[in-house]
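Scroll down for the structure; my scribbles are underneath it.
The values are calculated or read from the model by the stated rules, or taken from the named source; none is laboratory data. These numbers come from a predicted model, not from an experiment. Ideal geometry is used to build each Cβ from the backbone, glycine not excepted, and the neighbour counts take in all protein chains shown. SASA here: full protein model, heavy atoms, side chains in, ligands and nucleic acids out. Shrake-Rupley method; radii C 1.70, N 1.55, O 1.52, S 1.80 Å.
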Amino acid sequence: MENGFNGFNPGGQPVPPKAGGFFKKMGRGFVIVVAVVAVLVIASASFTVVEEGFIGVKYQFGKIVDANLTAGLNFKIPFVETISRVDVREQMYETSTTAYTKDTQTVENIQVKLNYLYDKGELENLIRNVGILNVESKLIIPQVQSVMKNEIGQVKAEELVQSRTVVQENIEEKLREELGASGILVVSFAIENIDFEDGFEEAIRAKVVAEQDALKMQNKTKEKEEEARQMVIAAEAEAESSKIRADAEAYAIEAIQKQLQASPEYIELQKVQKWDGKYPQVMGNNVNPFVTLE
């Protein structure tokens, strides 16, 4: 019946429904809920999201079957396959250590920084042979320590101070070679700070100051030498100029003398050319601007 009762007994009292039907309905509902939950669990276990900057590595019963899953939603067989994510963005390793130079000076504190990437083509071998979590302890630290101390041990302390960039480049080149063979790509290497013993640093500082003072004196000497050279050049130029003027005047006098010898009237011509057109203020029988005075 729709009212949930099976009917009435002879006394007119309602008869309760049978217990078996109720439990059947409850059983069917429970099965449906369990089935839905199972489907959701299986569905959620079938996909893994790989974020940008990461690569997914798929394992099947612990064995790598794909080491290059791209970012996004990736499928896996539930309870059979698993996907782990590997950060393939640029990694950074920093450390501070000691070393000895070629002339046995102690470098008390060398602060260095290494930036590197995983070689995607060698990532599977790197995971299988080393393990991503062991890269720093098994590869980076030993190689950085070894290469750095070896390269610094080949130069004198003063050279390390004056040519730190060269030493840094040598270390970086060696690390590229050593770590590259293991699937690690070196992006950059930098020596950020070098600390020597206090006595040595004072000696280096004093030497640098002395060299700078000597260089200043050399520059002043060169400046004075250049000034003297310029004065000599100027004097020589003036002497040459005077000689040229004297030669020109002598030539002019010689030319005038030759002209006078050839033509005595040349002097009278010069008088006429140089006359300003004014007559003398006093006139007399013996005053004549055009007559040569004996």
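What number of residues in segment 54-65 are surrounded by 12 or more Cβ atoms within 10 Å (Cβ to Cβ) and either more than 16 Å from GLU124 (Cα to Cα) or of a type outside the set (D, E, K, R) (or both)?
Keep residues of segment 54-65 that are surrounded by 12 or more Cβ atoms within 10 Å (Cβ to Cβ), which gives 54-60, 64.
With either more than 16 Å from GLU124 (Cα to Cα) or of a type outside the set (D, E, K, R) (or both) added as a condition, the list becomes 54-57, 59-60, 64.
Summing the residues that are surrounded by 12 or more Cβ atoms within 10 Å (Cβ to Cβ) and either more than 16 Å from GLU124 (Cα to Cα) or of a type outside the set (D, E, K, R) (or both) in segment 54-65 gives 7.
Can you say whether ASN68 is farther than 30 Å from GLU197 by Cβ, open to solvent by 70 Å² or more (accessible area, probe 1.4 Å) and polar (S, T, N, Q), as far as the supplied structure shows?
On the way: farther than 30 Å from GLU197 by Cβ: yes; open to solvent by 70 Å² or more (accessible area, probe 1.4 Å): yes; polar (S, T, N, Q): yes.
When the stated conditions are applied, ASN68 passes them.
Does PHE189 fit the bill of being closer than 20 Å to VAL155 by Cβ, modelled with pLDDT of 85 or more and surrounded by 10 or more Cβ atoms within 10 Å (Cβ to Cβ)?
In short, yes.
Anything in segment 106-120 that is over 15 Å from the mean Cα position of the chain (by Cα) and open to solvent by 50 Å² or more (accessible area, probe 1.4 Å)? List them, or say none.
GLU108, GLN111, LEU117, LYS120
Residue check: is VAL147 open to solvent by less than 30 Å² (accessible area, probe 1.4 Å), under 18 Å from ALA190 (Cβ atoms), assigned to a strand (DSSP E or B) and touching an Asp or Glu at 6+ places or on another chain (Cβ under 8 Å)?
no
Is at least one residue of segment 224-240 at pLDDT below 75, surrounded by 10 or more Cβ atoms within 10 Å (Cβ to Cβ) and assigned to a helix (DSSP H, G or I)?
Looking through segment 224-240, none of the residues is at pLDDT below 75, surrounded by 10 or more Cβ atoms within 10 Å (Cβ to Cβ) and assigned to a helix (DSSP H, G or I).
Looking at the structure I just gave you, is GLN218 in a helix (DSSP H, G or I), surrounded by 10 or more Cβ atoms within 10 Å (Cβ to Cβ) and either modelled with pLDDT of 80 or more or touching a Phe, Trp or Tyr at 6+ places or on another chain (Cβ under 9 Å) (or both)?
No.
Of everything in segment 38-53 that's more than 34 Å from the chain's Cα centre (by Cα) and surrounded by 14 or more Cβ atoms within 10 Å (Cβ to Cβ), which residue is farthest from GLY121 (Cα to Cα)? Quick ask: steps written out before the conclusion?
If we filter segment 38-53 for residues that are more than 34 Å from the chain's Cα centre (by Cα), which is where we start, we get 38-49.
Then drop every residue that is not surrounded by 14 or more Cβ atoms within 10 Å (Cβ to Cβ), which leaves 45-46, 48.
Working: ALA45: 28, SER46: 27, THR48: 22 Å.
Selected residue: ALA45.
Scan the strands (runs of 3 or more DSSP E) fully inside segment 81-133 and keep the ones with 3 or more residues being in contact with a Ser or Thr (Cβ under 9 Å, 6 or more places away or on another chain) and free of Cβ contacts under 8 Å to residues at least 40 places away in the same chain.
On the way: elements: 81-87, 91-100, 106-118.
In segment 81-133, the matching strands (runs of 3 or more DSSP E) lie at 81-87.
Is it true that some residue in segment 38-59 is in contact with a helix residue (DSSP H, G or I) (Cβ under 8 Å, 6 or more places away or on another chain), within 24 Å of VAL130 (Cα to Cα) and at pLDDT 85 or above? Step through it out loud before you land on a result.
Restricting attention to segment 38-59, the residues satisfying the condition of being in contact with a helix residue (DSSP H, G or I) (Cβ under 8 Å, 6 or more places away or on another chain) are 55, 57.
Pick out the ones that are also within 24 Å of VAL130 (Cα to Cα) and you get 55, 57.
Subsequent filtering for residues that are at pLDDT 85 or above retains 55, 57.
Scanning segment 38-59 turns up at least one residue that is in contact with a helix residue (DSSP H, G or I) (Cβ under 8 Å, 6 or more places away or on another chain), within 24 Å of VAL130 (Cα to Cα) and at pLDDT 85 or above.
When only residues in segment 17-37 that are at pLDDT below 60 and open to solvent by less than 90 Å² (accessible area, probe 1.4 Å) count, which is nearest to ASP119 (Cα to Cα)?
So the residue we want is GLY20.
Give the residue, chosen from GLN154, GLN168, that is open to solvent by 10 Å² or more (accessible area, probe 1.4 Å) and either part of a loop (DSSP other than H, G, I, E, B) or more than 20 Å from GLU94 (Cβ to Cβ) (or both).
Unique residue meeting the criteria: GLN154.
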